[in-house]
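Notes follow the structure.
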Amino acid sequence: MDNGRAGSSAGTRLRGIFTALVTPMDEDGRLDLQSLERLVHDQIEQGVDGFYAGGSTGEAFLLSGEERKQVLETVVRCARGRAAVIAHIGCIGTAESIRLAEHAERLEVDAVSAVVPFYYKLSEQDILAHYEAIMDAVSTPMIIYHYPGATGVRLPLDFYERISRHPRCIGVKFTSHALFDMQQIRARCGRSFLIFNGHDEVYASGATAGADGAIGSTFNMMPGPFIRMHRLIAGGAAAWPQLQALQAEANEVIAHMMRYAVIPYEKYMLYMQGILKSPAVRRPLRDFTAREREELEVFYRNNPTLRR
């Protein structure tokens with residue numbers, strides 16, 4: 001099955017390596033938009049294809065609606081004409097999701113994306129109606145955000161086949177290790193339905209399961225290995241040993257990161273790289289202790305991937 005959809009013309013632009021951006025903050029917890037600008041420019045110079053703004057890596061659910069708008073406006077202004085932008089507008093509530101989607105549409109982003117509404121026990125039909133309400137409110141293409149590990153919501157494959165028939169639903173950000181399900185979404189929804197790998201540590205495997213690219217959190221601090229992997233895959237090269245080596249290079253950092261908290265870790269490494277003015281996060285996330293900072297600094301000094 002291969003359905004025609006409104007976003008098909010954007011298919012080429014919305015493929016490749018997309019960084020799920022962090023949201024820089026100062027020591028008082030306010031947005032640091034200058035550091036965000038620096039991060040976007042640095043990422044473009046390194047060769048990423050686009051950005052996923054306002055997602056879970058960006059601490060979206062700890063920001064106000066106005067702050068989420070400021071972040072997106074900054075990313076769009078800096079990336080305009082140089083990289084694609086997917087705006088995550090997902091909220092638990094449908095009305096607020098629509099308000100953020102309308103703002104994103106006015107900014108002419110390439111696509112919007114929304115996590116499954118979580119916390120409340122909703123039926124599959126309730127979730128479908130939520131997405132349809134957003135898609136019917138704007139003309140911007142929609143990318144569903146599948147992240148059962150965080151939301152606790154695991155939708156059946158039939159749901160994706162059903163929602164893919166909506167003309168504005170063009171793909172899914174698939175953040176799960178269940179790569180068989182990813183392959184089955186590809187089989188059921190067709191080649192024009194975009195699939196973005198979401199767990200960075202399995203990108204090489206996700207690509208073989210049908211992913212068109214990746215939206216990744218760790219790309220903030222080390223986009224290089226993933227950009228090189230994508231180019232190898234896109235080139236059709238029989239380069240599995242090279243892909244394995246690049247994935248292992250990235251996974252050395254990811255394995256170390258998993259001993260700590262993900263978002264504070266990425267921000268601290270970006271601080272060490274001179275991109276962020278401060279590694280601050282918003283509570284209830286916490287900054288690292290002096291001992292943890294020392295541990296991270298030792299790892300950073302000894303890791304060429306992070307030091308670039």
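Considering only residues in the stretch 127-169 that are touching a Gly at 6+ places or on another chain (Cβ under 8 Å) and not in a strand (DSSP E or B), the one that is nearest to residue 180 (Cα to Cα) turns out to be 147. Among the residues making up the stretch 92-123, those that are acidic (Asp, Glu) and closer than 15 Å to residue 136 by Cα are 96, 102, 105. For the stretch 278-308, filtered to residues that are of a type in the set (Lys, Arg) and assigned to a helix (DSSP H, G or I), the residue that is farthest from residue 260 (Cα to Cα) is 307. I'm trying to understand the selection: among the residues of the stretch 70-91, which are part of a loop (DSSP other than H, G, I, E, B) and modelled with pLDDT of 95 or more? Residues satisfying the conditions are 82, 83, 89, 90, 91. Yes or no: the stretch 30-51 includes at least one residue that is of a type in the set (Gly, Ala, Ser) and in contact with a His (Cβ under 9 Å, 6 or more places away or on another chain). Taking every residue of the stretch 30-51 in turn, none turns out to be of a type in the set (Gly, Ala, Ser) and in contact with a His (Cβ under 9 Å, 6 or more places away or on another chain). Evaluated against (1) under 20 Å from residue 123 (Cα atoms); (2) over 19 Å from the mean Cα position of the chain (by Cα); (3) in contact (Cβ under 8 Å) with a residue 60 or more places away in the chain, residue 169 falls short on exactly one condition, (2). Scanning the stretch 197-214 for residues that are buried (at least 24 other Cβ atoms within 10 Å of the Cβ), closer than 14 Å to residue 181 by Cβ and within 14 Å of the chain's Cα centre (by Cα) gives 197, 198, 211. Any residue at all in the stretch 41-48 that's modelled with pLDDT under 95 and closer than 21 Å to residue 223 by Cβ? Checked the stretch 41-48: no residue is modelled with pLDDT under 95 and closer than 21 Å to residue 223 by Cβ.
Beta carbons closer than 9 Å, at least 6 apart along the sequence or on distinct chains, pair a first residue in the stretch 51-63 that is on the phi > 0 side of the Ramachandran plot with a second that is surrounded by 20 or more Cβ atoms within 10 Å (Cβ to Cβ) and in a strand (DSSP E or B) for 54/87; 54/88; 54/113; 59/25. From 67, 124, 96, 59, which residue is surrounded by fewer than 17 Cβ atoms within 10 Å (Cβ to Cβ), out of contact with any Gly (no Cβ under 7 Å at 6 or more places or on another chain) and acidic (Asp, Glu)? Just a single option satisfies the conditions, and that option is 124. When residue 34 is tested against (1) touching a residue at least 60 places away in the same chain (Cβ under 8 Å); (2) in a loop (DSSP other than H, G, I, E, B); (3) farther than 27 Å from residue 176 by Cα; (4) not aliphatic (A, V, I, L, M), just one condition goes unmet, and that condition is (2). Filter the stretch 99-109 down to residues that are touching a helix residue (DSSP H, G or I) at 6+ places or on another chain (Cβ under 6 Å) and surrounded by fewer than 23 Cβ atoms within 10 Å (Cβ to Cβ) and give me whichever is nearest to residue 34 (Cα to Cα). That would be 107.
Considering the stretch 268-277, and only residues there that are crowded, with 17+ Cβ neighbours inside 10 Å and in a loop (DSSP other than H, G, I, E, B), the residue that is farthest from the chain's Cα centre (by Cα) turns out to be 273.
Let me confirm something: among 203, 260, which residue is of a type in the set (Ser, Thr, Tyr), touching a strand residue (DSSP E or B) at 6+ places or on another chain (Cβ under 9 Å) and modelled with pLDDT of 95 or more? On inspection, the qualifying residue turns out to be 203.
The values are calculated or read from the model by the stated rules, or taken from the named source; none is laboratory data. All values reported here derive from a predicted model rather than from experimental measurement. Cβ coordinates were reconstructed from backbone atoms using ideal geometry, including for glycine residues, and neighbour counts include every protein chain displayed.
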